[in-house]
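Report on the following structure.
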Amino acid sequence: LRRTTFGGGFTIFVWIFPLVGFIMFASSIRKAIKQIQILKVGELAEGKFLHQEATNTKINKQTVYKLFFEFTANDGKTYQAIAKTHKTYRLLDEEFEKLVYDPVNPSNAVVLDALPKGIKNYFLHHYGRT
């Protein structure tokens with residue numbers, strides 16, 4: 001007779017899935033906090049599309065691309081902003097894409113069209129930036 005229904009190995013196996021889910025959740029929260037911070041203190045700029053690279057990730061059978069944009073910060077130096085998306089048409093619809101960068105570290109930048117539409121519209125409306 002056993003005292004437990006399942007052994008210790010099964011318990012470890014069961015806890016692997018919530019642990020992986022928590023790691024994915026924590027990673028996405030960290031990225032979101034970084035983007036929100038940039039939106040709070042950031043400066044608005046316009047970036048010119050340079051090129052794109054395919055990644056090994058697919059969403060709904062569509063390849064996710066890494067898009068590179070170049071912009072000039074207030075310090076007069078040129079920096080790059082990188083956005084990852086499978087909806088490239090949202091980021092390639094204008095000659096210059098609006099982006100927000102951290103004035104302390106301009107290499108941290110967010111392309112506004114890569115954000116969800118509601119957040120982008122709220123940011124542009126709330127801060128009166130167009």
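Can you work out ³J(HN,Hα) from phi for every residue in the range 10-22, in order, using Karplus 6.51 cos²θ - 1.76 cosθ + 1.60 and θ = phi - 60°, giving whole Hz and x for Gly and Pro?
Running phi through 6.51 cos²θ - 1.76 cosθ + 1.60 with θ = phi - 60° gives 5, 4, 4, 4, 5, 6, 5, 5, x, 5, 4, x, 5 Hz.
Return the distance in nm (one decimal) between the two label points of a simple spin-label model at N74 and I16, each offset 7 Å from Cα along Cα→Cβ.
Result: 5.1 nm between the two label points.
Express the carbon and sulfur contribution to the solvent-accessible surface of the range 12-97 as a percent, rounded to the nearest whole number, probe 1.4 angstrom.
Numbers: 3750 of 6470 Å².
The value for the range 12-97 is 58 percent carbon and sulfur by accessible area.
Which residue fluctuates the most in the chain, going by a Gaussian network model with Cα springs under 10 Å, if the choices are F22, F68, F96?
Judging by the Gaussian network model, the answer is F22.
Over the chain, give the accessible area per residue in Å² for a 1.4 Å probe, as an integer. Kindly include the intermediate steps, with their values, before the conclusion.
Working: 9600 Å² over 130 residues.
Result: 74 Å² per residue.
For the chain, what is the charge dipole size about the Cα centre, in debye to the nearest 20, if Lys and Arg each add +1 at the Cβ and Asp and Glu each add -1 at the Cβ?
On the way: 18 positive and 11 negative charges, 181 e Å.
Once rounded to the nearest 20, the dipole reads 880 debye.
Determine the calculated [θ] at 222 nm for the chain from helices alone, applying -39500 (n - 2.57) to every DSSP H run no shorter than 4 residues and normalising by the residue count; nearest 500 deg cm²/dmol.
On the way: 2 runs with 44 residues, N = 130.
So the calculated ellipticity at 222 nm is -12000 deg cm²/dmol.
For the range 31-38, take each phi angle, set θ = phi - 60°, evaluate the Karplus expression 6.51 cos²θ - 1.76 cosθ + 1.60, and give the result in whole Hz per residue in order, putting x for glycine and proline.
5, 5, 5, 4, 5, 5, 4, 5
Provide the convex hull volume over Cα atoms per residue for the chain, in Å³.
On the way: hull volume 21.4 nm³, N = 130.
Each residue corresponds to 164 Å³ of Cα convex hull volume.
Along the charge dipole of the chain, Cβ charges K/R +1 and D/E -1, which of P106, A45, G9 sits furthest on the positive end?
With unit charges placed on the Cβ atoms, the residue in question is G9.
So between N56 and I29, what do we pick up on full extension, going 0.36 nm a residue minus the alpha carbon distance? Show your work: numbers first, answer last.
Details: separation 27, 0.36 × 27 = 9.72 nm, distance 2.23 nm.
Result for the pair: 7.5 nm of gain on full extension.
Could you compute the FRET efficiency for K117 and L92, with r as their C-beta to C-beta distance and R0 at 22 Å, rounded to 0.05? Display every interim value, and only then the final one.
Details: r = 16 Å, r/R0 = 0.74.
So the FRET efficiency works out to roughly 0.85.
Per residue, how big is the convex hull around the C-alpha atoms of the range 58-130? Give it to me in cubic angstrom, could you?
98 Å³
Let's test this: bin the Cα-Cα distances of the range 67-107 at 5 Å from zero up to the farthest pair and state each bin's percent.
In order of increasing distance, the bins hold 5, 21, 32, 22, 12, 7, 1 percent.
In whole Hz and in residue order, list the ³J(HN,Hα) couplings for the range 55-71 that follow from phi through the Karplus curve 6.51 cos²θ - 1.76 cosθ + 1.60, θ = phi - 60°; x for Gly and Pro.
Whole-Hz 3J(HN,Hα) from phi for the range 55-71: 9, 8, 9, 10, 10, 6, 6, 10, 5, 8, 10, 9, 9, 10, 10, 10, 9.
The values are calculated or read from the model by the stated rules, or taken from the named source; none is laboratory data. These numbers were taken from a predicted model, which means no experiment stands behind them. Ideal geometry is used to build each Cβ from the backbone, glycine not excepted, and the neighbour counts take in all protein chains shown. Only protein heavy atoms, including side chains, enter the accessible area calculation; ligands, DNA and RNA are left aside. Shrake-Rupley method; radii C 1.70, N 1.55, O 1.52, S 1.80 Å.
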